[in-house]
Amino acid sequence: MRQHFCYIIVAAACLCASCNTQRKVAETAITVTPAYCQLTSGTDNRAEMELNFHIPEKTLSKRSRLVITPQLMVGDSVYDEYDPVVVEAGIYADKLRRKEVLEGYHDPYKEQKRQVDDATAAFTLSYHESVVLPASADTARIVAVVSTDGCGQCTGIDTLEMASIVRALAYVEWIEPVFTIRPKIVEGKGEARLQFAINLYDIDLDMGNNRAELDSMLQALTPVLTDTLATVNSFTVYGMASADGSLKFNTALARNRANAAMQYVAHRLGLTDRQMERIRIDSRPEGWQPVLRAMKLDSHPDTARVADILQRLADKDDDAQERLIRRLACWQDIREKYLAKDRKVEYTYSYTIRSFTTDREVLDMYAKRPDAFNEEELLRAATLMKTDAEKIEVYRTLLARFPRCETAINNLAYLYLRAGMEAEARTLLQKLPERYPDLESKQLKIREEAAR
């Protein structure tokens, strides 16, 4: 029983001694503020470290020197070491000066020494250092080895965790497109301004700008009417009837002029009767609004009178409006200056391009007719390509036609990064600020596990 009692006394004594030691260590430990901060490196891998070392009272004896040596740790290895912080007590400084005089000793910390009024009292040391994160690492730690033995190279008495440093990264992840088949409907319209002999509808290519106008119309309609992948849904050509003269006569004349223009195009394209059956010829009155707009642009003094007539007779036809306009003193001006000398032929169309539904068809048709692909089909073509170079070519083609396609922008940037083209990738990703905010301060990195 007595033996057990002795063991208890010894254990209690050890426990008390341990608690006392821990309390003293806590009271005399050097601390850092801000406490273990996290630094973020910019695009140059650099971060600025600003902190304070707080040295408790009696950390230094009158015969010692404090050396704090910050180190950059990558994993468990020391990657770099920075300028130390050095403070000497009075007696140590005196002894060192005598050694320098008598023995020619050179103090390696001469440039780093700092002066404090009383080295044995509590004091604070500020510290600033520019830290460079290794290119091979995304994270690192900064620790400080603390020594009071004077040389700073013998066994350290403590190690302080000062800060961590992380690379500011923007991870670019591959977006896998979902292939959906969507009808490719194209709609369009245009016009040709042609001149005709009075009350006639035969086309004279040498009159006015007729040849250029019809060639432009031909160029616009060629892909609509001759593309083997296109199915015409609707096609209408309108002749615009002049406002002056009989509405009935002008409407019929305008229709014949529209038909003449279409016959010219049909002949040049070699359209069949079956193809012509899909084309509808029609006419409609142009009205007096173009005349009114021309008078307004010219600031004609009778503009308000014409506008008043058109407003009062808005529910009447062109003939009724013309009868009142002809009574105005400005009628001669209108005939000579504001009635168009050319007649307008308008055309509207809608057609559907054949969709490509199988992977084999997508690859085959992309080699032949990439212009016939919509956005979804081009994304599918990029997915089916085997090499990065082939994918890049498809995505470039896609963005030339659909410059706002987010998937194409993202994936092309991903491929650029994988090819080491960071500047080109960054330029692309700047178009996606919601997906990649604050891009200018971050380095780009791809998630390899998502690589395609």
Can you name the residue in region 329-359 that is without any contact (Cβ under 8 Å) to a residue 40 or more places away in the chain and in a helix (DSSP H, G or I) and is also nearest to the chain's Cα centre (by Cα) among such residues? Asp359
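Condition check: among the acidic types (Asp, Glu), surrounded by fewer than 15 Cβ atoms within 10 Å (Cβ to Cβ) and more than 20 Å from Lys341 (Cα to Cα). Does Asp273 satisfy that?
yes
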What strands (runs of 3 or more DSSP E) lie completely within region 117-209 and have 3 or more residues being over 36 Å from the mean Cα position of the chain (by Cα)? 123-132, 139-147, 158-167, 184-194
Select from region 346-375 the residues that are of a type outside the set (Val, Ile, Thr) and loosely packed, with under 13 Cβ neighbours inside 10 Å and write down the one among them that is nearest to Pro183 (Cα to Cα). Asp371
All positions within region 114-128 that are over 17 Å from Ile30 (Cβ atoms) and modelled with pLDDT of 85 or more: His128
How many residues does region 164-202 contain that are in contact with a Phe, Trp or Tyr (Cβ under 6 Å, 6 or more places away or on another chain) and of a type in the set (A, V, I, L, M)? 3
Here is a list of conditions, (1) of a type in the set (A, V, I, L, M, F, W, C); (2) surrounded by 12 or more Cβ atoms within 10 Å (Cβ to Cβ); (3) at pLDDT 85 or above, and Val178 meets all of them except one; can you say which number that is? (2)
Please find, among Gln311, Gln321, Gln289, the residue that is assigned by TED's automatic domain parsing to the domain that holds Ala254, polar (S, T, N, Q) and within 30 Å of Leu205 (Cα to Cα). Gln289
More than 13 Å from Ala119 (Cβ to Cβ), at pLDDT 85 or above and either surrounded by 10 or more Cβ atoms within 10 Å (Cβ to Cβ) or under 57 Å from the mean Cα position of the chain (by Cα) (or both): is that true of Arg97 in this structure? yes
From the set of residues in region 306-345 that are under 30 Å from Val186 (Cα atoms) and surrounded by 17 or more Cβ atoms within 10 Å (Cβ to Cβ), which is modelled with the lowest pLDDT? Arg343
Quick check, is Arg396 basic (Lys, Arg), closer than 15 Å to Glu376 by Cα and loosely packed, with under 12 Cβ neighbours inside 10 Å? no
Tally time: how many residues in region 353-366 are out of contact with any Leu (no Cβ under 9 Å at 6 or more places or on another chain) and among the β-branched types (Val, Ile, Thr)? 2
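Out of Ala258, Ala252, Ala212, report the one residue that is crowded, with 18+ Cβ neighbours inside 10 Å and assigned by TED's automatic domain parsing to the domain that holds Leu292.
Exactly one residue qualifies, and that residue is Ala258.
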Unique residue being at pLDDT below 90, of a type in the set (A, V, I, L, M) and in contact with a helix residue (DSSP H, G or I) (Cβ under 6 Å, 6 or more places away or on another chain) when the list is Ile353, Ile392: Ile353
In the set Leu205, Leu169, Leu194, the lone residue that is surrounded by 16 or more Cβ atoms within 10 Å (Cβ to Cβ) and either modelled with pLDDT of 85 or more or not acidic (Asp, Glu) (or both) is Leu194
Can you tell me which residue among Val224, Val232, Val237 is hydrophobic (A, V, I, L, M, F, W, C), surrounded by fewer than 19 Cβ atoms within 10 Å (Cβ to Cβ) and part of a strand (DSSP E or B)? Val232
Is it the case that region 292-315 has a residue that's out of contact with any Asp or Glu (no Cβ under 8 Å at 6 or more places or on another chain), among the acidic types (Asp, Glu), within 24 Å of Lys337 (Cβ to Cβ) and assigned to a helix (DSSP H, G or I)? yes
Residues in region 255-291 that are among the small types (Gly, Ala, Ser) and part of a strand (DSSP E or B) total 1
Among Ile175, Ile165, the single one that is out of contact with any strand residue (DSSP E or B) (no Cβ under 8 Å at 6 or more places or on another chain) and closer than 30 Å to Asp138 by Cβ is Ile175
Residues located in region 300-335, provided they are closer than 15 Å to Ser242 by Cβ and of a type in the set (D, E, K, R): Asp317, Asp318, Asp319, Glu322, Arg326, Arg335
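The values are calculated or read from the model by the stated rules, or taken from the named source; none is laboratory data. Note that this is a predicted model, so its numbers are computed, not measured. Here the Cβ is made from the backbone with ideal geometry for all residues, glycine too, and neighbour counts use every protein chain on show.
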